[in-house]
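Inspection log for the structure reproduced underneath, given as structure tokens.
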Amino acid sequence: MKLYHSFKTSIIGLRVNRVRSLLTILGIVIGISAIILIFSIGKGAENLILDQLGGMGAETIVVRPGQEPKGPSDFAESLFQDSLTTKDIEALKRKENVPHLSQIAPAVIVPGSVSYRGETFKSFNFGWSAELMKEMYDAELESGIVFGEKEIRNKASVAIIGSDVKDEFFPYEDPVGKNVKIKDRNFKIVGVLAPKGSISGFNIDELVVVPYSTAQKYLLGIDYYHEVIIKADSPENVEITVRDIEDTLREVHDITDSSKDDFFIVTQEGMVDQIGTILSVLTIFLSAVVGIALVVGGVGVMNIMLVSVTERTREIGLRKAIGATNKDIMAQFLFEAILLTVSGGIAGVLIGAFFSFLTAIILTNFAGLDWTFSFSTGAALLGIVVSAGIGIVFGIYPAKKASQKSPIEALRYE
Amino acid sequence: MQKPLISVKDIEKTYNDEGGETRALRGVSFDVNPGEFIAIMGPSGSGKSTLLHMLGFLDRPTKGEYKFSGRIASNFSDDEQAHLRNEKIGFVFQAFNLLPKTSVLDNVKLPLFYSDIEESKWNDLATRAINSVDLSHRIHHETQQLSIGEKQRVSIARALVTDPDVIFADEPTGNLDSKSGGLIMDIIKRLHYKGKTIILITHETYTAGYADRMIKIRDGKVESDEKIESSRKIGEFKK
């Protein structure tokens, strides 16, 4: 018998038991839908994060004090590291040390809030360079000006505020020239940023930026920085600039062994790589869980196939009596198993795609995320191949059993 | 002298069951010439079904020699036996063994699936076989919609579709009322007139009367083997 006829015979066999066939593949359908959903959400999350990181700019290099954090607690620790100081900034600014550096500004984080006439607003307070901030986040000024080198040098008490801060305190008036308080110190507002939203996890609209020198001296009382933000003159030169920065800082800090570095460098590319790694580990882990579910589904298929073989003993006997060889019977039942699992796989891909799409709609409309629906044809193909594999692995034993039935035993069976 | 189509010599079959050995056949010998219509009779447990399974390549004898068309059957592989069953033999079973929820046409086509005959001829062959048992008006009906007499006619059409040399009929009227039983025997008799070799297994003397030779089996041995001088003709059924 030709393969095509085995295939046709299998379809007829499955049609006879429609409801059972549907129930049998349910496990496979759910498993494959889960795989499609996991891949889609993984890809969506990656796109979302990359989109947000994109705002940081490919040429941006961030230097942070301490050892590279391995977890959230390490990150908190970096706030108390004092290894990055003005001396480092001076060294990095020198052309002969870092030739491709185009801009540099240190930053400090001022925890707390901002207040105006007794009202407080939970803001992100930064001591930074307003010019670099504006450029890095591609932010527009709604009114006023940005403070410059002079204000930084003079440790002036001036601030630039985001649009949410403005809306909170000055809904109907121009805040430029008004004074807000951070840690009991008055800061004169010189500029207001236009609404922008979140970039790299910061809500720009909730920012309050003051000169870093002022924040260091009057708000924190420290002489070191929480981070140093550097821009290379082009994205291609980021790699070489990172090396120049490392060499310069090691020289200034008297470090010969790179494993003893008291600073670490973050670039957009590095972050993208890291996030990609985390997401793929997560995807693999979840897929493994789904894989177990699929094995369980496969065992279910085997179970039902065995029942079906027993039930159809008479049919097997008849087929043998009219000329079917053992191979024909084996092919028929194996095809039935594969057909079952592959149709389960295809249904799973479609259902998975549907739920991925639904997830995208929900996340966009109800969670306010800028989520893009993504459907990986690779994952779909993988799902179908895996389901065919399950059909073969779990179908072979029942098929073998069917083929070994003796025709007379089979015909005698009542 | 004509060369026999089937020749068995001292055939024995022993089953090893839990309760010990069962000797279903204890040395059976006879020849069947092409075109003969033989009835094999015997009470239940006499070994007549076992004999049919041997002759139809559904089982192998424990001892003895079986020649089919002059070839020694014990030398055939499983696949060769399957091929012979498909090409040379048609089975008609007491319980019909039709596929449920499948049309008459597809049931009759089933042996062609396993044959070397080109697919383009399948519909034609199956339709002709169905016409020969007067069921053309039921061709697209599913088998569970048919009466039991019609079901047996479908199973005869299925046995005929590959144009085999021998038809083995195992109690073909056993499940039927006398009227449809007579109709079935008429069809079988007609096949005999057309030149087919027929081996009929039955325990009813009346049905056996359609054959022109009767072999009686008892306790796994041939009890008698004689010609029937005036066998029953088509349309003669009554009970």
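Worth a mention:
- Among residues of region A:1-22 that are facing chain B (nearest Cβ under 9 Å), those with a beta-carbon under 8 Å from a residue that is of a type in the set (Phe, Trp, Tyr) and open to solvent by less than 80 Å² (accessible area, probe 1.4 Å) at least six positions away or on a different chain give the pairs A:1/B:113; A:1/B:114; A:5/B:113; A:6/A:335; A:9/A:335; A:9/B:113.
Condition check ((1) acidic (Asp, Glu); (2) more than 14 Å from every other protein chain (Cβ to nearest Cβ); (3) under 18 Å from residue B:91 (Cα atoms)) across all residues:
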position: B:122; (1), (2), (3): no, no, no
position: B:132; (1), (2), (3): no, yes, yes
position: B:141; (1), (2), (3): no, yes, no
position: B:161; (1), (2), (3): no, no, yes
position: B:169; (1), (2), (3): no, no, yes
position: B:186; (1), (2), (3): yes, yes, yes
position: B:198; (1), (2), (3): no, yes, yes
position: B:204; (1), (2), (3): yes, yes, no
position: B:209; (1), (2), (3): no, yes, no
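- For region A:181-192, the condition holds for at least one residue, the condition being that it is at pLDDT 90 or above, of a type in the set (A, V, I, L, M), in contact with a helix residue (DSSP H, G or I) (Cβ under 7 Å, 6 or more places away or on another chain) and buried (at least 19 other Cβ atoms within 10 Å of the Cβ).
- Taking the listed residues B:151, B:179, B:121, B:196, the one that is in contact with a helix residue (DSSP H, G or I) (Cβ under 9 Å, 6 or more places away or on another chain), basic (Lys, Arg) and without any contact (Cβ under 8 Å) to a residue 24 or more places away in the chain is B:121, with no other qualifying.
- Condition check for residue A:129: touching a helix residue (DSSP H, G or I) at 6+ places or on another chain (Cβ under 6 Å) and crowded, with 18+ Cβ neighbours inside 10 Å: no
- Residues considered: A:306, A:339, A:350. Of these, the only one that is open to solvent by 20 Å² or more (accessible area, probe 1.4 Å), free of Cβ contacts under 8 Å to residues at least 24 places away in the same chain and more than 14 Å from every other protein chain (Cβ to nearest Cβ) is A:350.
- Any chance residue B:49 is within 15 Å of the chain's Cα centre (by Cα), part of a helix (DSSP H, G or I) and farther than 17 Å from residue B:5 by Cβ: yes
- Residue match in region B:20-28 (condition: part of a loop (DSSP other than H, G, I, E, B) and open to solvent by less than 10 Å² (accessible area, probe 1.4 Å)): no
- Conditions (1) touching a residue at least 40 places away in the same chain (Cβ under 8 Å); (2) surrounded by 15 or more Cβ atoms within 10 Å (Cβ to Cβ): number failed by residue B:113: (1)
- In region A:160-175, the residues that are not assigned by TED's automatic domain parsing to the domain that holds residue A:114 and assigned to a loop (DSSP other than H, G, I, E, B) never reach a residue that is surrounded by 13 or more Cβ atoms within 10 Å (Cβ to Cβ) and modelled with pLDDT of 90 or more with C-beta atoms less than 6 angstrom apart, at least six apart or across chains.
- Subset of region B:29-46 (residues that are part of a loop (DSSP other than H, G, I, E, B), under 25 Å from residue B:3 (Cα atoms) and in contact with a helix residue (DSSP H, G or I) (Cβ under 9 Å, 6 or more places away or on another chain)): B:35, B:36
- Scanning region B:101-120 for residues that are under 22 Å from the mean Cα position of the chain (by Cα), assigned to a loop (DSSP other than H, G, I, E, B) and either of a type in the set (S, T, N, Q) or at the interface with chain A (Cβ under 7 Å from one of its Cβ atoms) (or both) returns B:114, B:115.
The values are calculated or read from the model by the stated rules, or taken from the named source; none is laboratory data. Just so we're clear, the structure is a prediction, and the values are computed from it rather than from any experiment. Counting neighbours? That spans all protein chains shown, and the Cβs are built from the backbone with ideal geometry, glycine included. Calculation scope for accessible area: heavy atoms of the full protein, side chains included, ligands and nucleic acids excluded. Shrake-Rupley method; radii C 1.70, N 1.55, O 1.52, S 1.80 Å.
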